[in-house]
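Undergrad: Dumping the structure here so I can ask a few things about it.
The values are calculated or read from the model by the stated rules, or taken from the named source; none is laboratory data. Everything numeric here is computed off the predicted structure, so don't read it as measured data. Here the Cβ is made from the backbone with ideal geometry for all residues, glycine too, and neighbour counts use every protein chain on show. Ligands, DNA and RNA are stripped out before the accessible areas are found, and what is left, the full protein with its side chains, is counted by its heavy atoms. Shrake-Rupley method; radii C 1.70, N 1.55, O 1.52, S 1.80 Å.
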Amino acid sequence: MAQFYSSIASCGMFVPQRVITNDELSNTLDTNDEWIRTRTGICARHIAGPGDSVASLGTEAARRALPSGDASNVDMIILATTSPDHFMPATATQIQSNLGATCAFAFDVQAVCSGFVYALAIADKFIKTGDASEVLVIGSEIMSRMVDWNDRSTCVLFGDGAGAVLLRRSTSPGILATNLYSDGRGYNMLYSDNSDPTFARGKVMMNGRAVYSMAIDCMESSVRSALTQNNLNVSDIDWFVAHQANKRIIDSVAAHLGLPSEKAVITIDSFANTSAATIPISLSLTNIKRGDLVVLSSMGAGFTWGTAVLRW
Ligand code: UT7
């Protein structure tokens, strides 16, 4: 039987136009640019307007990932999102309709900030079994509708946006390894609190310090394990594209791994934490060359975490 692999053919991103700087936030909150920048690496974030939806951002990112915007050959769409437009149906089906991807089946994946790595791993398995050949993997989020804009400990951290990749069947990898983990003992460390009726989607609550140290440990160990699975070393990595929750977390993981800091992609400065969208946004903004070894890694609420190692 023929051996199938999957590889990223193209990627795209889209963010809403409106930018809010740290200085702007300090007009209404007891915060300042210096605190936000030095503690997180964030300088600004894009925020959705009333006409934006997770589906509209995701659709635009997907269009940009599709060569000539043509979705007629797409047979599967996975949307990673924490902030779906509705509890039902899956926002992915709205994106399918917007794209006219009539040959695809579509569903959402909820693994919060790890959602994109989860969705990529699922897509890879479908392609490897021969059940799909052209898959859109999208991360799209409107986190600004899930934060309490009076809570400086959370609202300054998040932004809105979408990124997408087109994963295609190929004769050589492509994706070399993926691993996924969760530990439900961290369920209450980062969650949306539904007790306040003024927040239709619940509001984000976080034990920042606990999540911070867990993120470093989880990403380091899952990257090491994915590399070992393929007899690869840290020195083989060309690009480390980690979830963008805090620049200090990414710097620490890189330092623990012994990876030169210039190989760690940083986009949090302009976009903040867009949850499941940070990795595909970062992929779209990085000048990755064919043949480069790229490591994607993420950790988020749940706790959930995971890594994908791929040859570009
Ligand atoms: O994407 C999902 C995964 N999420 C993460 O990975 C986030 C992980 N956690 C973090 O990135 C960090 O813990 C934070 C950036 C959230 C917080 O940084 P920290 O260095 O852990 O600060 P802290 O929570 O310990 O707070 C230190 C101080 C506190 O004041 P006191 O008690 O020392 O007087 C906070 O009230 O900083 C204060 N503070 C702020 N000050 C100005 C908290 N938020 C702000 C703010 N502006 N926005």
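Undergrad: Quick check on my filter: what residues within the stretch 157-174 are open to solvent by less than 10 Å² (accessible area, probe 1.4 Å), closer than 16 Å to T21 by Cα and more than 11 Å from the chain's Cα centre (by Cα)? It would help to see each step written out before you state the result.
TA: To start, the set of residues in the stretch 157-174 that are open to solvent by less than 10 Å² (accessible area, probe 1.4 Å) comprises 159-167, 174.
Adding the requirement that they be closer than 16 Å to T21 by Cα leaves 159-161.
Listed by number, the residues that qualify are G159, D160.
Undergrad: Suppose the filter is of a type outside the set (K, R), within 16 Å of the ligand (Cβ to nearest atom) and over 18 Å from V137 (Cα atoms); does A301 pass it?
TA: On the way: of a type outside the set (K, R): yes; within 16 Å of the ligand (Cβ to nearest atom): yes; over 18 Å from V137 (Cα atoms): yes.
Criteria met by A301.
Undergrad: I'd like to verify a number: residues in the stretch 25-44 that are of a type outside the set (S, T, N, Q), within 13 Å of the ligand (Cβ to nearest atom) and surrounded by 13 or more Cβ atoms within 10 Å (Cβ to Cβ), how many?
TA: First pass over the stretch 25-44, keeping only residues of a type outside the set (S, T, N, Q): 25, 29-30, 33-37, 39, 41-44.
Cutting the leftovers down to within 13 Å of the ligand (Cβ to nearest atom) gives us 25, 29-30, 33-37, 39, 41-42.
Then drop every residue that is not surrounded by 13 or more Cβ atoms within 10 Å (Cβ to Cβ), which leaves 25, 29, 33, 35-37, 39, 41-42.
The number of residues fulfilling the criteria is 9.
Undergrad: On to the next question. Among the residues of the stretch 23-33, is there at least one that is farther than 22 Å from R152 by Cα and either part of a helix (DSSP H, G or I) or charged (D, E, K, R) (or both)?
TA: Restricting attention to the stretch 23-33, the residues satisfying the condition of being farther than 22 Å from R152 by Cα are none.
Scanning the stretch 23-33 turns up no residue that is farther than 22 Å from R152 by Cα and either part of a helix (DSSP H, G or I) or charged (D, E, K, R) (or both).
Undergrad: Output the number of the condition that S153 fails; it satisfies all remaining conditions of (1) within 16 Å of the ligand (Cβ to nearest atom); (2) part of a strand (DSSP E or B); (3) among the polar types (S, T, N, Q).
TA: That leaves (2) as the condition not met.
Undergrad: Something else now. Considering only the stretch 9-52, state which residues are among the aromatic types (F, W, Y) and closer than 20 Å to I138 by Cβ. Explain how you work it out, then say what you get.
TA: Let us first name the residues in the stretch 9-52 that are among the aromatic types (F, W, Y), namely 14, 35.
Across the stretch 9-52, the qualifying residue is only F14.
Undergrad: Spot the failing condition for T154; the list is (1) β-branched (V, I, T); (2) under 14 Å from the mean Cα position of the chain (by Cα); (3) surrounded by fewer than 21 Cβ atoms within 10 Å (Cβ to Cβ), and only one is missed.
TA: For T154, the failing item is (2).
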